[in-house]
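Asker: One structure follows; several queries about it will come next.
The values are calculated or read from the model by the stated rules, or taken from the named source; none is laboratory data. Please read all numbers here as calculations on a predicted model, not as lab measurements. Heads up, the Cβs are rebuilt from the backbone with ideal geometry, glycines too, and the neighbour counts pull from every protein chain shown. Quick note on the areas: whole protein, heavy atoms, side chains included, nothing else; ligands and nucleic acids left out. Shrake-Rupley method; radii C 1.70, N 1.55, O 1.52, S 1.80 Å.
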Amino acid sequence: QVQLVESGGGLVQAGGSLRLSCAASGIIFRINAMEWYRQAPGNGKQRELLATITSGGSTNYTDSVKGRFTISRDSAKNTVYLQMNSLKPEDTAVYYCNARVLVTPRYESDYWGRGTQVTVSS
């Protein structure tokens, strides 16, 4: 019903920047919150919530990325972005977007993208 496709990942040196995008398509009445998560390599690593942006534009960040990452959205394009600056090797992970979508005015569901790899070299 709803597909999320991330892009913009890649290999970057420490201190560099990347901009991730996540575009939603399909049956969408309205997108409420959109979020970015990441999952670092290694067994047992949990998916970590990085940033949230609501339909009204309010944002929230986890402490590890505050001041370095910026989440934004283009509601007309159903797209969320993550601008990542001052990247560190510990930011290496697969980055996922999540959207809380009203498929109908009364039915909301969560959808995930497949992820995009970000690798930061030292």
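Asker: Could you run through region 66-122 and say how many residues are of a type in the set (V, I, T) and closer than 20 Å to G42 by Cα?
Answerer: Adding up the residues that qualify gives 6.
Asker: Additional query: Can you tell me which of L49, L11 is free of Cβ contacts under 8 Å to residues at least 24 places away in the same chain, touching a strand residue (DSSP E or B) at 6+ places or on another chain (Cβ under 7 Å) and farther than 15 Å from Q83 by Cβ?
Answerer: Values: L11 fails: free of Cβ contacts under 8 Å to residues at least 24 places away in the same chain.
Just a single option satisfies the conditions, and that option is L49.
Asker: Just a yes or no: is a residue in region 53-70 more than 27 Å from G16 (Cα to Cα), open to solvent by less than 60 Å² (accessible area, probe 1.4 Å), in a loop (DSSP other than H, G, I, E, B) and not aromatic (F, W, Y)?
Answerer: yes
Asker: Identify the residue in region 9-52 that is closer than 15 Å to K88 by Cβ and either of a type in the set (D, E, K, R) or not in a loop (DSSP other than H, G, I, E, B) (or both) and, among all such residues, is least open to solvent (accessible area, probe 1.4 Å).
Answerer: L50
Asker: Please specify each residue of region 29-63 satisfying the condition of being more than 24 Å from V103 (Cα to Cα) and of a type in the set (F, W, Y).
Answerer: Passing the criteria: only Y61.
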